[in-house]
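Q: Supplied in structure tokens, the structure appears directly below.
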Amino acid sequence: MGRAFEYRKARKMKRWGNMSRTFTRIGKEITMAVKAGGPDPTANSRLRALMSNAKAANMPKDTVERAIKKATDKDAKDYKEVIYEGYAPGGVAVLVETATDNTTRTVANLRTYFNKNGGSLGNSGSVAFMFTHKCYFHIKPKDGVTLDDLELELIDFGAEDFDQDEEEIIISGAFESNAEIQKYLEDNEFEITSTEFVYDPTDTKELDAEGRAAVEKLIDAVEEDDDVQNVFTTMKEAEEE
């Protein structure tokens, strides 16, 4: 993972700087998780993961509980997960994850952001093949368990990459393996601090500083939209080099 992962982590922290927007986004994910798997965290693995993410984002426990309760209300908004695809300046591919109750509004807004910032919104399937859907688990190190131990155990559950810094261990694998990896970590009493579902580019496009700035301008505009959950690109960051 290395520097590319550190860059994404730094960008996430920057985005999480706006706590109210972060809470709104997590709240939408909780709503969708509850509607799909019910309000009981013990029976809903996705909800458990989101509760860990909420804690990592310093989202108050009562706010999380209200979000879960609100999601069970028959009048709760019915959010849909929709992915939009396009190109940023310099031919950089872009995937935009949204949670929306009005796709007409969302696509109109995204088209405006792309057009105003030198990009273009494409059709479904136009760039998705350039990305791999992956899961990332951030866990606390456990006494007596080394990274090598974890790798030997989790490789059979679909885990592919392992990394560690002073504070946490990061485990990644194919998106389809997320439930098995999560179950192993929970069954073996590892503390999962957060979980991410990420679209990693299979290849990256290198740009100069001006080109990166143009792409960042588009990303910033897109991320300001309330319907947007995450943005992924094929741009190679300076930190990757």
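Q: Please list, in chain and number order, the residues 5+ apart from Gly122 or on another chain whose amide H is under 5 Å from its amide H, with Hs placed from the backbone.
A: Glu85, Gly86, Tyr87
Q: Near the amide H of Lys205, under 5 Å away, which other amide H atoms are found, from residues 5 or more places off or on another chain, if H is placed in the peptide plane?
A: It is Met235, Lys236, by chain and number.
Q: Which of the listed residues, Leu154, Ile68, Ser194, is farthest toward the dipole's positive end in the chain, when Lys, Arg count +1 and Asp, Glu count -1 at the beta-carbon?
A: Projecting each Cα onto the dipole axis, the largest value belongs to Ile68.
Q: Evaluate the charge dipole of the chain about its Cα centre and quote only its size in Debye, nearest 20, assuming +1 on the Cβ of each Lys and Arg and -1 on the Cβ of each Asp and Glu.
A: In debye, rounded to 20, the chain gives about 1480.
Q: Same structure, new question: Using a probe of 1.4 angstrom, how much of the accessible area of segment 20-71 is carbon and sulfur, in percent?
A: Result for segment 20-71: 55 percent of the exposed heavy-atom area is carbon or sulfur.
Q: Can you list the residues, at least 5 places off or on another chain, whose amide H is less than 5 Å from the amide H of Ala159, using H built in the peptide plane?
A: none
Q: Using the Karplus curve 6.51 cos²θ - 1.76 cosθ + 1.60 with θ = phi - 60°, work out ³J(HN,Hα) for each residue of segment 207-220 in order, rounded to whole Hz, and write x for Gly and Pro.
A: Each residue of segment 207-220 in turn: 10, 7, 4, 5, x, 5, 4, 5, 5, 4, 4, 5, 4, 4 Hz.
Q: Additional query: Applying the Karplus parametrisation 6.51 cos²θ - 1.76 cosθ + 1.60 with θ = phi - 60° to the phi angles of segment 60-71, what ³J(HN,Hα) value in whole Hz is obtained for each residue in order, glycine and proline being reported as x?
A: x, 4, 5, 5, 5, 5, 5, 4, 5, 5, 4, 5
Q: Pairs of Cα atoms under 8 Å, at least six residues apart: use those to get the relative contact order of the chain, whole percent.
A: Taking the mean separation of contacting Cα pairs over the length of the chain, I get 23 percent.
Q: Next up: Using 21 Å as the Cα-Cα cut-off, could you pick out the over-long pairs in Lys134/Lys183; Lys61/Lys183; Lys55/Lys142?
A: Lys61/Lys183
Q: Another question, if that's okay. Enter the accessible area per residue of the chain (Å², integer; probe 1.4 Å; all protein chains in place).
A: With the other protein chains kept in place, the chain gives 52 Å² per residue.
Q: Using the reciprocal of the averaged 1/r over all distinct C-alpha pairs, how large is the Kirkwood radius of the chain in Å?
A: 18.9 Å
Q: Per DSSP H run of n ≥ 4, the term is -39500 (n - 2.57); total these for the chain, divide by its residue number, and report the mean residue ellipticity at 222 nm rounded to 500 deg cm²/dmol.
A: Calculated mean residue ellipticity at 222 nm is -13500 deg cm²/dmol.
Q: Another question, if that's okay. Read phi for every residue in segment 39-55 and hand back ³J(HN,Hα) as whole Hz from Karplus 6.51 cos²θ - 1.76 cosθ + 1.60, θ = phi - 60°, with x for Gly and Pro.
A: After applying 6.51 cos²θ - 1.76 cosθ + 1.60, I find x, 8, x, 5, 10, 10, 5, 5, 5, 4, 4, 5, 5, 5, 4, 4, 5 Hz.
The values are calculated or read from the model by the stated rules, or taken from the named source; none is laboratory data. Predicted, not measured: the structure shown is a model, and the values here were computed from it. Neighbour counts run over all protein chains shown; Cβ positions are idealised from the backbone, glycine included. When the accessible area is computed, the model is the full protein with side chains, heavy atoms only, and any ligands, DNA or RNA have been set aside. Shrake-Rupley method; radii C 1.70, N 1.55, O 1.52, S 1.80 Å.
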